[in-house]
1. If I ask for residues that are at pLDDT below 55 and among the β-branched types (Val, Ile, Thr), which ones from the range 314-358 would you list?
2. Sort out which residues of the range 45-66 are of a type outside the set (Asp, Glu), assigned to a loop (DSSP other than H, G, I, E, B), within 23 Å of residue 113 (Cα to Cα) and touching a residue at least 40 places away in the same chain (Cβ under 8 Å), and write them in order of number.
3. Please find, within the range 177-191, the residue that is modelled with the highest pLDDT out of those that are outside any strand (DSSP E or B) and closer than 18 Å to residue 276 by Cβ.
Amino acid sequence: MLEDPNKRYQFLFVDDDPAFLTTLTGLLKQISKAHWAFRTATNASQALEHLKAQPVDLVVLDIEMPVMDGIEFLRLLQRTNPGLRVVMLSARLDEGARKTCMELGATLYLEKPSSPDGFQALFAALDALVVAGPAPSGFRGMMQVGLQDVLQMECLGRKSSVLTVSAGNRRGQIFISEGEIVHAECGKLQGEMALYGLLGLSGGEFNQQPYTEPQRRSISGHYEFLLMEAARLRDENNVQTPPPGALGGGADLPGSFGESATATEARGLRIEETLLCSRAGEVLYQSKCESLEQRLELFKNLEEQAVQAAKGTPSGRFHRVSVDIGPSRIVVQIQPSYKLLVRSALPAGSQVLQANHE
């Protein structure tokens, strides 16, 4: 029994197959659905125009459509029309697609009808859905949260998922398996450095997808340590910008933490060489590095000298050295999880040697 006998429920059917929409329209006109009002669209653009013109109670969306398929359009609808109920139709039922649709907020995932009986069953399901109204429990809405918060919730819940992160032209993925972060990739970076780079982004978007096993598991640390280390690196990169002619922290690594190469050059710096290695010496990223062997040897020598220099002194652990040589400046960072070398071109100036300790 309808809660409001005078209410007309608005439906929007979206399908790129004109024959399907013609059959649908013909059958709906044959049966008594006085409390139904429906419109049709053959693509996402038309559907959005309908939604702008008049709200609907339910969208019935075909998965297999060209240009923007049903899953991508569902993802868009959840951003532009949060709380809108959407029923997905698929001619080929697939458990993976069903799981993705439900995780993206679909209300139902049903088989696309091809016979009169199939259409009757679909109409009965849709009728029961709109008459019942929205689910009485739970919350829907929009909330701005940090990527680190989302990761922590996934890990605390012992969940498995893949977070696809994008900000501007930066794009990466974080793989979570049973509450542990097992892999991350961003451009050419993989492992912890990719994770820290993604968590260091100041804004962007993320999408949660069903878990798939990565080609390799590059991260083994506990998630709490990883998130704490990411927060520490982000705090270091948010310190006051050094004066012109200074190069500090990971913020001067273009395409990774912090600033872009354009912003760096605006301060009078031009990056000429970059080398990023894991703690074990694995090359994670390099740009214009003419002698890789010499740079790796430099890392080794600096670490050995730092160990010797730290013996018997209260200065703490060495973590960065910078030296000006003519028009160039070389900065080397030695951190527990990575080694970084950046060579930049500077205006002519005096040579300076600095060493920083924690």
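1. Of everything in the range 314-358, just one residue is at pLDDT below 55 and among the β-branched types (Val, Ile, Thr), namely 352.
2. If we filter the range 45-66 for residues that are of a type outside the set (Asp, Glu), which is where we start, we get 45-48, 50-56, 58-61, 63, 65-66.
Right, trim to assigned to a loop (DSSP other than H, G, I, E, B) and you get 54-56, 63, 65-66.
Remaining after also requiring within 23 Å of residue 113 (Cα to Cα): 56, 63, 65-66.
Across the range 45-66, the qualifying residues are 56, 65, 66.
3. So the first thing to find is which residues in the range 177-191 are outside any strand (DSSP E or B), and the list is 178-179, 187-188, 191.
Restricting the remaining residues to those that are closer than 18 Å to residue 276 by Cβ gives 187-188, 191.
Values: 187: 86, 188: 84, 191: 89.
Result: 191.
Listed here are the residues, each with its yes/no results for (1) over 25 Å from the mean Cα position of the chain (by Cα); (2) assigned to a loop (DSSP other than H, G, I, E, B); (3) at pLDDT below 75.
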position: 129; (1), (2), (3): yes, no, no
position: 135; (1), (2), (3): yes, yes, yes
position: 139; (1), (2), (3): no, yes, yes
position: 158; (1), (2), (3): no, yes, no
position: 165; (1), (2), (3): no, no, no
position: 171; (1), (2), (3): no, no, no
position: 175; (1), (2), (3): no, no, no
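Residues are listed down the side, and each one gets a yes or a no for (1) out of contact with any Asp or Glu (no Cβ under 9 Å at 6 or more places or on another chain); (2) among the β-branched types (Val, Ile, Thr); (3) buried (at least 22 other Cβ atoms within 10 Å of the Cβ):
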| site | (1), (2), (3) |
| --- | --- |
| 151 | yes, no, yes |
| 154 | yes, no, no |
| 159 | no, no, no |
| 166 | no, no, no |
| 184 | no, no, yes |
| 190 | yes, no, yes |
| 204 | yes, no, no |
| 209 | no, no, no |
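Condition check ((1) in the same structural domain as residue 126 (by TED's automatic domain parsing); (2) at pLDDT 90 or above; (3) at negative phi; (4) not in a helix (DSSP H, G or I)) across all residues:
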residue	(1), (2), (3), (4)
21	yes, yes, yes, no
25	yes, no, yes, no
28	yes, no, yes, no
40	yes, yes, yes, yes
68	yes, no, yes, yes
73	yes, yes, yes, no
79	yes, no, yes, no
82	yes, no, yes, yes
89	yes, yes, yes, yes
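The values are calculated or read from the model by the stated rules, or taken from the named source; none is laboratory data. None of these values were measured; they are calculated from a predicted model. Positions of Cβ are generated from backbone atoms using ideal geometry, with glycine treated the same way; all protein chains shown enter the neighbour counts.
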